[in-house]
Structures are given as C-alpha cells and as structure tokens.
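Reviewing the structure listed below.
The values are calculated or read from the model by the stated rules, or taken from the named source; none is laboratory data. Computed from a prediction, not measured in an experiment: that's the story for all the values here. Cβ: placed from backbone, ideal geometry, glycine included. Neighbour counts: every protein chain shown.
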C-alpha cells in the first residue's frame, strides 16, 4: 500500500514538476515577447523620426538655396547694371573726360550709392593703372595689370567675377564684378564694382538662420566668392578638389540636396546646391547635420527612458512571477509521499496560478498602455491600422513567394494559383469565415516575378476593400474572382453581391486613401487600368483590372 501511495505520489510529483515548468516558460516567453515588441516599436518610431528630421533639413536647405540664388542673382545683375552705365559713359566721353568735372565725379559717386551692395567703383586704364575710385580707404597700388580680372578683360572677357579677397586698402573681405571698357573698338580699360562681404552678413542675419547654417557662393572653378560666416582661412582658397565639389558640382548637375562633408571644413552636413542661370556660379546652403538632428536625439532619448522604464517594470513582474512559481515548487516538494497533502498542495497551486495570471494580466495591460502612450508621442494616429494593412500586404507577397518555391519554377509565376491562395486566405479568416462564399474562375497565366508582385498587391487591396466595404456589419454574400487572358490582354475581375456603390461623393477611381493610391500606382506600373462598376445599392460592385499580356 505504502509502495503504491509512494508511486502515486512520485508520479504526481513528476506531473507537478512538468506543470511547474510551463508557467515559467509561458511567463518568460511573454516577457521576451513584450520586451521585443516594445524595443521594435521604439526602434521603428525612432527610425521614422530620424528620416523625417533629415528630410526636413533637406527641405530647409533647398529653400535656403533658392532664396540665396535669387538674392545673389539680384545682387550681381543689379551691380552689372551700374557697370553698364559706366561703360556707356566711357564709350561716349572716354576715361579722361569722364572725371574732368566735379559734376561728372559726383554722378559716378551717385551711381556707386545706387545699390547697397556696392562698396566702391574703380576705373582702370588700358595699362591697369587706377584712373579714379570712389573708395575712401588708403592709397591704392599704382597698377593692377597683373590681377586676374584685368588679365581676363585684356584677353577679351566682357564680364568677370573675382573670388573673395581681402582689401589692402580697407582690410575688409570683398569680391568684385567688372566689365571691359572699349573705345573705338579697342581695349580702353576696366570698370569694377567692389562688393563688401558685410552686406551679406546683414542678409544672413535677416534670414534668422542658426549660426551652424552657412550660405555660400562659389565660382564653377572652385574659388570661393561669398560665404557667411567667413574667416581668414577661407579667403583665397581653391576648393575645386574638395570631395563635395569634385563629386557633385564638377559633374554638371544643376541642383540637388545631399548628406555630405561641408566644402570648407568637411564637417558632416546637409547641403543643397543650385547653379545660377546664366552665370558661372553655384549657390550652397549647408546645415550642420548634428544641429539638424538635435531635436530627434532629444525625442529618441525620451523614448528610450520610457522603454527602459517599461523594461524595469516587466523585470519586476517577472521576478514576482518566478518567486511565486518557486514558492509553488517548494510547496510541491513538501507534499511528497502524502496523498492528502498532495491534494491540498494541488489546490494551493491552482489558486496560486490563478492569482499569478491575474496579476500578470493586469500589469501587462499597464505595460501595453505605456507603449501606446509612447507610440502616440510621435503624432501618428494611423500607426496601428497601418501595421494591420501592411501585414496584409506582406502576407500577399509571402503567398506569392510560397507559390514560387512550391511550383519549383522561379522565373515565372502561375497567377491563377496565387490568386486562389490570396482569395481563400482573406475570405476564410476571422469574421469572414462561413459568411463569405468564394467562387473562382482562374485561367492559368504565367507572369514574370516583377509583374506578378504588383498584381498580387492589387488583388489583395481590391479583395480587402470588397470584404471591408461590401459586406459590413456581418453581412454575408459571395465574392467571385476571375482571371482571363485574351487578345493580348490579362483581365482580373473581382465582383461581389454586397452593398454596392450607393452614390458615394467620390468614386473609387479618384479616392485618395493609401489603398486606392496603391492600386492606381501599381496598375500604372503594369501599364494597365482599373475600373469600378456597380448597378446600384445592394447590387454589388465589380472591379476590373486590365493589363497588357
């Protein structure tokens, strides 16, 4: 008798030992699942926020690039108008006569003050000597015949833009625009307008951009014309062989926005560039990458704190659960060999399990709420529905790949087979099971993988919309899927006898939902079209997709 009781007690102990492992396994599995879900949610939201921050910085850089493009064009072309007036005066009167009277000199000074960007006007004769200047600085050098602008005009260039230079007369940084002077068809000298860099400092300040944002103007030969902020190390440098200039600007691209090292100091930046129409110049707006991501880092840090808090709470719950299981196992060991005590222990274990699961359920609901609050922080109210729709689309592609490896043919796909799989999956799941009948009329049509994927996604979207909108509130009915290949055209038809189109203000072909945009975009990719027809309310809807075969 004692041996029988001992054997029964040992058998019961063995059963209890096996049963004790299950709650431990379930608890640890749930903990791992929720930790993984929380981490993946935080990572996905953080990654999406990161991409949005970079896209926003690129958009700001493009806008700044367009603004400074227009401003630089106005600055240079406005200065050129003054130069053209001076050229006409020299052509009419000559250099010597131009400065012969006080009224003519005052007229030149007035021209120099017409535009705020012009610091001074300079006139040089055919040998590079200064004839007249409106500058109030120190005495200028006697000759400028060796300067690049003078040599250029002497060799026939009509218009010239110099790179940034430091003035030896006023110690200010400037660049200049100049024009060739002619009289009687011969080279008669140069007229030059010097533009002070401080004018662009005022422009930069007016835009109210951060100090980490740089506005730049380069000649296409790599010489810096304008930059703010600027320092002495940048003046006179040649940037033609810097990585950014060599990779993006030397290839003739008109405009763009990229992540790349900044031209001047090679720090990571978001750079937008544009070539100025009609001028050998390129404008750049450079936003420091670290500054552009500052808000994203702060939000990501806040999100990480929530994740860590949730992980700590789950860890505490796990410890509680494991201790409860440990106490149950200790009780179980004390009941060995005593049938009555084993029965009491079994009852105690059952009660303990109920309490443990009740607590675990309540606390996991708290964790779920915390994760929902964290997801809501990022301002994306359609995230949960988006996940559901994305899962459905991914499942459609998975069924397509399943058809590939089951069929053993990897180049071509049997469209009829995977359409059947999609139809049976969607009509046989959840609340659709038993109330939606599926009728199939599918011709075996082989199609390359790059065309079969869009067709599978179109089918998934159309069938999902049919089940969602055609049979609301538990309504039952029939869905018919047919596939035909005739006269060089493949025709997919999804018809139902459900609710139908009852005068919706917006026809399905023009709907702006993500699903309908996806259907239209995929049909366009296949060079086909989608049409919807309905005989009226409660007479069903027919969607027809026609693509070249």
Scanning segment 445-456 for residues that are under 27 Å from residue 540 (Cβ atoms) and modelled with pLDDT of 85 or more, the one surrounded by the most Cβ atoms within 10 Å (Cβ to Cβ) turns out to be 455
Unique residue being within 19 Å of residue 416 (Cβ to Cβ), in contact (Cβ under 8 Å) with a residue 24 or more places away in the chain and touching a strand residue (DSSP E or B) at 6+ places or on another chain (Cβ under 9 Å) when the list is 492, 501, 457: 492
Residue within segment 288-299 that is in contact with a helix residue (DSSP H, G or I) (Cβ under 9 Å, 6 or more places away or on another chain), in a loop (DSSP other than H, G, I, E, B) and under 18 Å from residue 71 (Cβ atoms) present: no
So for segment 503-512 (the condition being modelled with pLDDT of 80 or more and either under 23 Å from residue 425 (Cα atoms) or surrounded by 12 or more Cβ atoms within 10 Å (Cβ to Cβ) (or both)), does at least one residue qualify? no
Report, by residue number, each residue of segment 213-255 that is touching a helix residue (DSSP H, G or I) at 6+ places or on another chain (Cβ under 8 Å), surrounded by fewer than 16 Cβ atoms within 10 Å (Cβ to Cβ) and assigned to a strand (DSSP E or B). 255
Looking at the structure I just gave you, is residue 64 at pLDDT 85 or above, on the phi < 0 side of the Ramachandran plot and touching a strand residue (DSSP E or B) at 6+ places or on another chain (Cβ under 8 Å)? yes
Please work out which one of (1) in contact with a helix residue (DSSP H, G or I) (Cβ under 9 Å, 6 or more places away or on another chain); (2) without any contact (Cβ under 8 Å) to a residue 12 or more places away in the chain; (3) outside the structural domain of residue 211 (by TED's automatic domain parsing) is the condition residue 307 fails and give its number. (2)
Suppose we keep only residues that are modelled with pLDDT under 85 and within 52 Å of the chain's Cα centre (by Cα) within segment 84-105. Which one would you say is surrounded by the most Cβ atoms within 10 Å (Cβ to Cβ)? 86
Given the condition buried (at least 16 other Cβ atoms within 10 Å of the Cβ) and at pLDDT 80 or above, answer yes or no: does some residue in segment 200-207 qualify? no
Subset of segment 155-194 that is surrounded by fewer than 15 Cβ atoms within 10 Å (Cβ to Cβ) and closer than 24 Å to residue 215 by Cα - its residue that is modelled with the lowest pLDDT: 171
Return a yes/no flag: does segment 411-423 have any residue that is farther than 30 Å from residue 299 by Cβ and at pLDDT below 70. yes
